[in-house]
Amino acid sequence: TVLLLASCNLSPEFKKPEMKIPQQFKNSVKNDNEVISEGSWKLVELDENSERGQWWKIFNDEKLNKYQEIAKQNNNELAAAIARVEQARGNVDLKRGAFFPTLTIGASPSRFQQSNVFLGKAQNADQFINTIYRTEAVVSYEPDLFGRIRNNYNIANFSREASEGALKSVMLALQADVATMYFNLRTIDEEISLIEIIVEQRAQEEKIFETKLKLGDVSYQEYLLYKAELASSNSEKISLLQKREEIVNNFAVLLGQNPSLLELERLNLSHAEIPQIPANLPSKLLERRPDINIAVKQLEAANEKIGLARTAFFPNISLSASGGFESNQISDMFKWSARTWTLGPLFGTLLTAPLFEGGRGFANLDIAKSAYSEAVAHYRQSVLVAFKDVENALSAIKYLNQQSDEVITAYDASQKSADLQKLKFENGSASLPEYLFVERNRLEALRAFNQIRGAKFIAAISLIRALGGGFNVVASAPVNTPDDVVAPIIK
């Protein structure tokens with residue numbers, strides 16, 4: 001009977017809440033030949049068993065790989081999350097210990113004087129003073145009737161799994177933040193390189209018009225216009241440099257470095273590759289998201305707490321026994337005749353059962369049920385947020401691809417215009433300011449392209465974060481990027 005009671009579990013049968021979810025995302029590219037033939041998407045077979053831990057390697061960027069490793073070793077938020085997991089595992093071990101008996105030993109010498117009144121002696125009689133030496137071992141055990149200990153253990157175990165999920169969440173967020181910050185840095189480096197060329201061109205124009213002003217070929221108002229444009233470009237350059245400093249400082253914190261000591265060289269985006277997104281992404285991938293797994297474990301823990309609250313309505317039984325030696329002479333301490341033993345009341349059992357608690361037991365049960373309802377709502381919300389994150393990322397990728405096509409068209413047109421204007425300038429049919437104006441339009445178009453390309457890197461990272469990890473797909477071929485930027489040669 002005791003064994004049957006010990007196997008009893010008063011928790012409700014756990015069932016994950018049902019939700020109507022689509023099989024695929026609405027913004028996911030469709031599996032049709034027309035879309036795939038455009039080269040914007042790559043049809044792949046997703047491997048559910050593939051390793052997604054180092055998803056950033058799809059960008060084929062060695063520097064990014066190095067920074068990810070540095071962040072993994074030094075980031076303090078990650079170290080704190082690891083410590084929380086260790087605490088949760090320790091709590092599981094603590095709760096597991098309740099399944100086993102406890103054994104304690106002790107020794108205690110004591111000296112005491114008894115009251116003459118208590119002993120029935122005359123008040124002026126000699127008082128009795130004695131010394132007693134004791135050694136004792138105590139064994140106690142609580143059978144897990146109605147699953148109270150099991151419920152506590154399960155709650156701790158689910159909490160441990162939730163903390164491990166939180167660690168994965170922190171790890172994924174760190175990886176995504178490092179990649180995002182890295183590509184933001186590289187994008188702004190491209191911006192700075194281009195604005196420096198534009199500033200150089202405007203400085204040349206300003207000098208030309210200053211000379212023309214002295215010769216009386218242009219008005220003072222025309223000269224001020226070019227001077228203002230130069231100052232505006234310089235201001236934009238300074239703003240970009242300040243933004244770069246902020247990015248580097250934030251990056252340093254992610255890497256566990258002191259921002260005052262970290263300096264990073266300037267690079268461009270030409271060496272990195274934008275990953276191709278698989279067609280028909282299944283919504284099942286969301287099951288990998290750490291926050292959804294955390295919500296499930298919290299739901300399971302809340303379910304166990306209902307069972308724990310129910311056990312309060314049933315009795316507890318505690319078994320205990322002790323044995324040892326007792327003597328008033330230390331030399332007789334371990335003689336067999338000095339032995340003592342004790343069993344608990346009711347032949348070693350102590351039974352306690354609630355009779356009246358003013359409704360506290362029912363209140364605790366209502367609290368546990370309400371907490372479970374809260375966990376259900378939290379789980380449903382986590383799923384909805386996951387779909388929202390993925391749809392937003394897919395939408396960004398889709399429209400950025402469309403924007404990319406337009407800015408490439410704009411750049412191609414500005415490049416052809418700049419080439420024609422350069423021929424006119426070399427033939428003497430166009431002035432230097434006219435040529436620099438067209439060349440600057442080309443550089444602005446290239447800036448727009450680089451901004452879109454940088455945003456595509458960030459959108460790909462956002463999708464990976466939203467899916468809870470990467471996907472088994474190789475990086476795309478290098479994008480048809482406009483030619484490298486060089487300052488025009490002025491003769």
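The values are calculated or read from the model by the stated rules, or taken from the named source; none is laboratory data. Just so it is clear, the model here is predicted, and its values are computed rather than measured. Don't worry about glycine lacking a Cβ; one is built from the backbone with ideal geometry, like all the others, and counts go over all protein chains shown.
Quick look at the values:
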{"item": "Among (1) loosely packed, with under 11 Cβ neighbours inside 10 Å; (2) at pLDDT 90 or above; (3) among the aliphatic types (A, V, I, L, M) - the single one Leu103 does not satisfy", "result": "(2)"}
{"item": "Residue that is surrounded by the most Cβ atoms within 10 Å (Cβ to Cβ), among those in segment 217-265 that are assigned to a helix (DSSP H, G or I) and small (Gly, Ala, Ser)", "result": "Ser233"}
{"item": "Members of segment 371-404 found to be among the small types (Gly, Ala, Ser) and either within 18 Å of the chain's Cα centre (by Cα) or not in a helix (DSSP H, G or I) (or both), listed by number", "result": "Ser382, Ala386, Ala393"}
{"item": "Out of Ala386, Ala396, Ala338, Ala302, sole residue that is closer than 30 Å to Asn151 by Cα and either surrounded by fewer than 17 Cβ atoms within 10 Å (Cβ to Cβ) or among the hydrophobic types (A, V, I, L, M, F, W, C) (or both)", "result": "Ala302"}
{"item": "Matching residues in segment 62-94 - criterion: being part of a helix (DSSP H, G or I), closer than 16 Å to Val253 by Cα and not aliphatic (A, V, I, L, M)", "result": "Lys66, Tyr67, Gln68, Glu69, Lys72, Gln73, Asn74, Asn76, Glu77"}
{"item": "Sole exception among (1) at pLDDT 90 or above; (2) in contact with a helix residue (DSSP H, G or I) (Cβ under 7 Å, 6 or more places away or on another chain); (3) surrounded by fewer than 19 Cβ atoms within 10 Å (Cβ to Cβ) for Ala88, by number", "result": "(3)"}
{"item": "Phe425 vs. criteria modelled with pLDDT under 90, surrounded by 18 or more Cβ atoms within 10 Å (Cβ to Cβ) and out of contact with any helix residue (DSSP H, G or I) (no Cβ under 7 Å at 6 or more places or on another chain)", "result": "no"}
{"item": "Evaluation of Glu265 against (1) touching a residue at least 60 places away in the same chain (Cβ under 8 Å); (2) more than 26 Å from the chain's Cα centre (by Cα) (one fails), failing number", "result": "(1)"}
{"item": "Residue count, segment 169-182 (criterion: within 12 Å of Lys72 (Cα to Cα) and within 8 Å of the chain's Cα centre (by Cα))", "result": "5"}
{"item": "Strands (runs of 3 or more DSSP E) fully within segment 283-369 counting 3 or more residues that are closer than 23 Å to Glu136 by Cβ", "result": "316-327, 339-343"}
